[in-house]
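Take a look at the structure below.
The values are calculated or read from the model by the stated rules, or taken from the named source; none is laboratory data. Since we're looking at a predicted model, the values are computed, not measured. Here Cβ is always computed from backbone atoms with ideal geometry, including for glycine, and neighbour counts include all displayed protein chains. Calculation scope for accessible area: heavy atoms of the full protein, side chains included, ligands and nucleic acids excluded. Shrake-Rupley method; radii C 1.70, N 1.55, O 1.52, S 1.80 Å.
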Amino acid sequence: MSGLSGAAAVAGIGATEFSKESGRSELQLACEAVLAAVADAGLTPADVDGLVTFTADTNSEIHVARNTGMGDLSFFSRIGYGGGAACATVQQGAMAIATGVADVVVCYRAFNERSGERYGLGQADRAMDIGADRAAYSWMTPYGLNTPAQWVAMFARRYMHEYGATSEDFGRVAVIDRAHAATNPAAWFYGRPITLAEHQASRWIAEPLHLLDCCQETDGGQAVVLVSAERAADLPHPPVVVRAAAQGSGADQHMMTSYYRPSISGLPEMGVVGRQLWAQSGLGPSDMDAAVLYDHFTPLVLPQLEELGFCGRGEARHFIAEGNLALDGALPTNTHGGQLGEAYLHGMNGIAEGVRLVRGTSVNQPKRVDNVVVTAGTGVPTSALVLGAAQ
Amino acid sequence: MTAVEERAGAAGADDYEARLQAFTGVELVPQRRGSDPVNVPMIRHWVEAMGETDPVHTDDDAARATGRSGPVAPASMAQAWVMRGYAASVAPAAGHSPFDDLAELLAEGGYTSVVATDSEFTFARELVPGDEVSVSEVLESISPEKRTGLGVGRFVTTVKTYRDAAGEVVATQRWRLLRFRPPGRGPEPRALRPRPAINRDNAFWFDAAREHRLVIQRCAACGTLRHPPGPVCAACGSLEQDTVEAAGRGAVHSFVVNHHPKHPAFDYPLVVAVVELTEGTRLITNLVGIAPEEVAIGLPVVLDWLDADPELSLPVFRPVAGKGT
């Protein structure tokens with residue numbers, strides 16, 4: 001167990017509604033989410049002295065702080081690599097608290113990802129520069145490999161080839177997510193479950209990905225508040241302790257297109273994260289009572305289960321088909337509906353669901369959840385958490 | 001019957017491609033002398049217009065100080081000495097040259113618009129006042145029909161040879177035009193493929209691609225191949241690098257068939273593959289000459305070239321003959 005494990009706890013969560021057109025600025029969404037999370041923690045904006053968000057976020061810390069009535073900030077930090085940043089924002093906050101750099105850290109993410117700049121449209125026509133990040137797209141966009149769905153489809157095809165997985169194996173992830181979303185009033189797809197047949201009949205986006213393998217696009221904001229575990233004990237909600245928080249980037253890492261490694265059917269960066277989670281927390285996969293696995297596209301849920309040690313390599317399709325991800329299964333997963341069903345909030349809504357699971361307040365609460373693993377974006381340098389109940 | 005017509009006839013008079021290709025090697029413009037010999041007044045006008053400040057072009061003393069016997073013409077003025085002048089360009093001379101025949105044949109194919117795309121000069125010696133320059137032009141190649149950002153067209157490459165009064169070659173120029181169908185006539189021009197972001201680390205690769213060479217970056221110290229390229233060898237840390245030219249053989253490592261969203265530069269369904277080359281590196285590419293449903297992991301493929309537009313040529317791959325369809 002490391003010095004990080006158990007040092008910090010999530011004391012509050014807050015979000016806007018999840019929609020396709022928020023009708024307000026991204027900054028307003030960020031402020032609303034932050035204020036809601038601070039209120040949920042039983043604190044005021046003046047208590048906050050640290051802020052963490054994504055490099056992809058347009059809402060700089062100073063704008064959020066000024067508009068919400070925060071005063072002095074002693075810590076502000078940002079994480080790169082798209083949705084891979086989600087759980088790393090909590091890691092940043094936990095480290096700041098563990099080292100005494102900050103006392104109350106809010107992690108946030110807000111965007112008009114559906115009504116504004118849609119990631120799903122891809123990189124083909126984005127602004128040009130000659131930095132290394134933009135130049136990396138030179139190896140793909142001239143060939144028409146432009147969008148996240150297409151990038152993931154390349155991995156998915158190889159995974160199918162090596163392990164015998166099928167489109168239906170991916171579809172089972174979508175069916176589970178949508179089943180959970182169907183009973184979550186906050187979810188975009190509330191009341192709208194799907195069948196495997198509907199998944200199979202949905203149109204191709206990028207073979208082997210059907211439409212229903214792809215997450216939605218969302219306008220909204222989500223924030224979480226971190227304090228020390230001791231202080232959390234004095235706040236209104238039961239503390240949700242950060243038992244482990246890890247980042248990971250693998251050898252020969254690229255953004256969504258690490259196609260040059262000897263094997264492209266795994267997610268080595270999630271392996272890097274997983275090994276740290278278990279080492280930090282002293283826990284293992286069998287100690288997890290639930291999971292929130294990043295699901296921008298269904299196929300990469302499978303190698304996550306493998307990299308984290310819930311099943312052997314290539315065996316995730318069996319693990320899923322056996323019903324383990326359902327509410328009555330061994331590892332209830334994406335109980336909020338995931339990003340396919342609830343909202344695409346770049347993984348931050350998954351952290352909030354992890355908190356609710358430990359609090360026992362998920363709309364799809366499976367049973368007592370002492371520990372839950374939450375992951376961030378796949379195919380990119382990523383991060384994950386183990387959240388647990390105070391002992 | 002001209003030599004061109006004879007050769008086209010042998011391949012079938014109704015075969016447009018053969019009639020075009022019959023021009024290969026034909027002298028389009030016979031040796032033609034410039035109106036005036038190389039002279040200092042024209043040099044002075046030219047360097048003023050171009051902003052060229054090197055005194056060796058106009059100042060006798062400055063030129064002699066460099067070991068020359070007097071002023072020399074700027075090298076790239078070679079073209080200027082043989083220009084026909086304004087009057088000739090608006091009132092073409094009587095008579096029909098092979099150049100006119102080719103222009104008519106291209107117009108027959110709908111390629112009525114023209115834009116210059118490349119000019120590569122090789123200079124044998126400097127021109128000095130008094131030199132009498134002449135030029136001849138020979139057709140080197142006519143490309144297959146290409147889709148470009150301007151429209152569907154063909155790249156027409158000629159070689160112009162510049163000679164002095166003694167008949168010695170003073171310069172050669174490889175000259176490339178895109179002859180294309182203007183918008184609204186024939187197929188609409190389509191959007192350009194997304195531009196690569198060219199920087200100091202990747203320019204060599206796209207430059208080589210324009211010459212239809214698929215290169216792989218190689219560490220000059222330890223020989224490790226790498227793609228995508230980068231500034232440092234991850235194996236040994238060396239900053240020195242060169243390239244090897246790929247043999248152009250490989251196999252499909254994975255692939256996708258894109259349907260949505262549709263980018264206007266591409267036809268859908270669009271097959272994008274990761275191909276593993278026999279050299280061991282992989283690259284993202286398009287597969288051509290095969291139906292999407294025929295593509296499979298492991299499919300042996302061979303290099304082909306796509307001239308997407310005058311600025312962008314890309315390596316693509318097709319099934320090895322006899323594999324796929």
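With respect to A:R172, is the statement that it is within 14 Å of chain B (Cβ to nearest Cβ) and within 30 Å of B:E293 (Cα to Cα) true? For A:R172, the condition - within 14 Å of chain B (Cβ to nearest Cβ) and within 30 Å of B:E293 (Cα to Cα) - is not met. Taking first residues from segment A:92-110 that are without any contact (Cβ under 8 Å) to a residue 24 or more places away in the chain and partners that are among the aliphatic types (A, V, I, L, M), the Cβ contacts under 9 Å between residues at least 6 apart in sequence or on separate chains come to A:T99/A:A7.
Name the single residue that is nearest to the chain's Cα centre (by Cα) among those in segment B:237-254 being open to solvent by less than 70 Å² (accessible area, probe 1.4 Å) and without any contact (Cβ under 8 Å) to a residue 24 or more places away in the chain. Of everything passing the filter in segment B:237-254, B:S238 is nearest to the chain's Cα centre (by Cα). Of everything listed in (1) closer than 22 Å to B:L177 by Cα; (2) open to solvent by 60 Å² or more (accessible area, probe 1.4 Å), the single unmet condition for B:P98 is (2).
Listed by position, the strands (runs of 3 or more DSSP E) enclosed by segment A:196-284 that each have at least 2 residues that are of a type in the set (V, I, T) and out of contact with any Lys or Arg (no Cβ under 9 Å at 6 or more places or on another chain) are A:219-228, A:240-248. Among the candidates B:A221, B:A234, B:A208, the residue that is of a type in the set (A, V, I, L, M), open to solvent by less than 60 Å² (accessible area, probe 1.4 Å) and in the same structural domain as B:A265 (by TED's automatic domain parsing) is uniquely B:A208. Every listed requirement among (1) surrounded by 19 or more Cβ atoms within 10 Å (Cβ to Cβ); (2) within 14 Å of chain B (Cβ to nearest Cβ) is met by A:D252 save one, (1). Please verify whether segment B:262-271 includes one or more residues that are within 27 Å of the chain's Cα centre (by Cα), in a strand (DSSP E or B) and modelled with pLDDT of 95 or more. Yes: one or more hits. The listed residues are B:G280, B:G237, B:G248, and the only one of them that is touching an Asp or Glu at 6+ places or on another chain (Cβ under 9 Å) and more than 7 Å from every other protein chain (Cβ to nearest Cβ) turns out to be B:G248. Cβ separations smaller than 6 Å between residues 6+ apart or across chains give the following pairs from segment B:198-211 residues that are within 8 Å of another protein chain (Cβ to nearest Cβ) and under 10 Å from A:A132 (Cα atoms) to residues that are aliphatic (A, V, I, L, M) and open to solvent by 60 Å² or more (accessible area, probe 1.4 Å): B:N199/A:I130. Note on segment A:117-138: among residues that are facing another protein chain (nearest Cβ under 7 Å) and open to solvent by 70 Å² or more (accessible area, probe 1.4 Å), the one that is nearest to the chain's Cα centre (by Cα) is A:L121. Only a single criterion out of (1) within 14 Å of chain A (Cβ to nearest Cβ); (2) more than 27 Å from A:C214 (Cβ to Cβ) is not satisfied by B:R218, namely (1). On the stretch given as segment B:274-325, residues that are surrounded by fewer than 18 Cβ atoms within 10 Å (Cβ to Cβ) and among the basic types (K, R) total 2. Residue count for segment B:43-65 under the criterion of being closer than 13 Å to B:W81 by Cβ and touching a helix residue (DSSP H, G or I) at 6+ places or on another chain (Cβ under 7 Å): the result is 2. Screening B:V257 against (1) crowded, with 20+ Cβ neighbours inside 10 Å; (2) over 21 Å from A:T141 (Cα atoms); (3) within 14 Å of chain A (Cβ to nearest Cβ) leaves a single unmet condition, (2). Each residue in segment B:173-197 was checked for being on the phi > 0 side of the Ramachandran plot and within 14 Å of chain A (Cβ to nearest Cβ), and 0 of them qualify. Kindly establish whether B:V128 is more than 21 Å from B:T24 (Cα to Cα), in the same structural domain as B:R32 (by TED's automatic domain parsing) and either open to solvent by less than 50 Å² (accessible area, probe 1.4 Å) or of a type in the set (D, E, K, R) (or both). Here the answer is no, as B:V128 does not meet what is asked. The condition of being within 20 Å of B:T285 (Cβ to Cβ) and among the basic types (K, R) holds for only one of B:R200, B:R179, B:R226, that being B:R226.
Is it the case that segment A:82-100 has a residue that's within 17 Å of A:Q216 (Cα to Cα) and either within 14 Å of another protein chain (Cβ to nearest Cβ) or outside any helix (DSSP H, G or I) (or both)? Checked against the condition, which is being within 17 Å of A:Q216 (Cα to Cα) and either within 14 Å of another protein chain (Cβ to nearest Cβ) or outside any helix (DSSP H, G or I) (or both), segment A:82-100 yields no hits at all. Evaluate the following for A:A46: is it touching a strand residue (DSSP E or B) at 6+ places or on another chain (Cβ under 8 Å), under 30 Å from A:H237 (Cβ atoms) and more than 14 Å from every other protein chain (Cβ to nearest Cβ)? No.
Results for (1) hydroxyl-bearing (S, T, Y); (2) in contact with a strand residue (DSSP E or B) (Cβ under 6 Å, 6 or more places away or on another chain), shown as yes or no for each residue.
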residue: A:E17; (1), (2): no, no
residue: A:L27; (1), (2): no, no
residue: A:A30; (1), (2): no, yes
residue: A:F54; (1), (2): no, yes
residue: A:G83; (1), (2): no, no
residue: A:A88; (1), (2): no, yes
residue: A:T99; (1), (2): yes, no
residue: A:R118; (1), (2): no, no
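Among the residues of segment B:283-325, the ones that are touching a Lys or Arg at 6+ places or on another chain (Cβ under 9 Å), part of a strand (DSSP E or B) and facing chain A (nearest Cβ under 8 Å) come to 3 in all. On the stretch given as segment A:265-314, residues that are in contact with a strand residue (DSSP E or B) (Cβ under 7 Å, 6 or more places away or on another chain), touching a residue at least 40 places away in the same chain (Cβ under 8 Å) and β-branched (V, I, T) total 2. Please go through segment B:104-128 and give me each residue that is hydrophobic (A, V, I, L, M, F, W, C) and at pLDDT below 90, ordered by number. Scanning segment B:104-128 gives B:L105, B:A107.
Do we find that A:T141 is farther than 22 Å from A:E26 by Cβ and facing chain B (nearest Cβ under 9 Å) in this structure? Judged against the criteria, A:T141 is a match.
Number of residues in segment A:6-23 that are touching a Leu at 6+ places or on another chain (Cβ under 8 Å) and either among the hydroxyl-bearing types (S, T, Y) or open to solvent by 20 Å² or more (accessible area, probe 1.4 Å) (or both): the value is 4.
Note on segment A:342-371: among residues that are of a type in the set (A, V, I, L, M, F, W, C) and in a loop (DSSP other than H, G, I, E, B), the one that is most open to solvent (accessible area, probe 1.4 Å) is A:V363. Report, by residue number, each residue of segment A:306-325 that is within 18 Å of A:H336 (Cα to Cα) and either under 16 Å from the mean Cα position of the chain (by Cα) or surrounded by fewer than 17 Cβ atoms within 10 Å (Cβ to Cβ) (or both). Of everything in segment A:306-325, just one residue is within 18 Å of A:H336 (Cα to Cα) and either under 16 Å from the mean Cα position of the chain (by Cα) or surrounded by fewer than 17 Cβ atoms within 10 Å (Cβ to Cβ) (or both), namely A:G323. For segment B:110-120, the condition of being more than 21 Å from the chain's Cα centre (by Cα), open to solvent by 50 Å² or more (accessible area, probe 1.4 Å) and over 28 Å from B:S69 (Cα atoms) holds for none of the residues.
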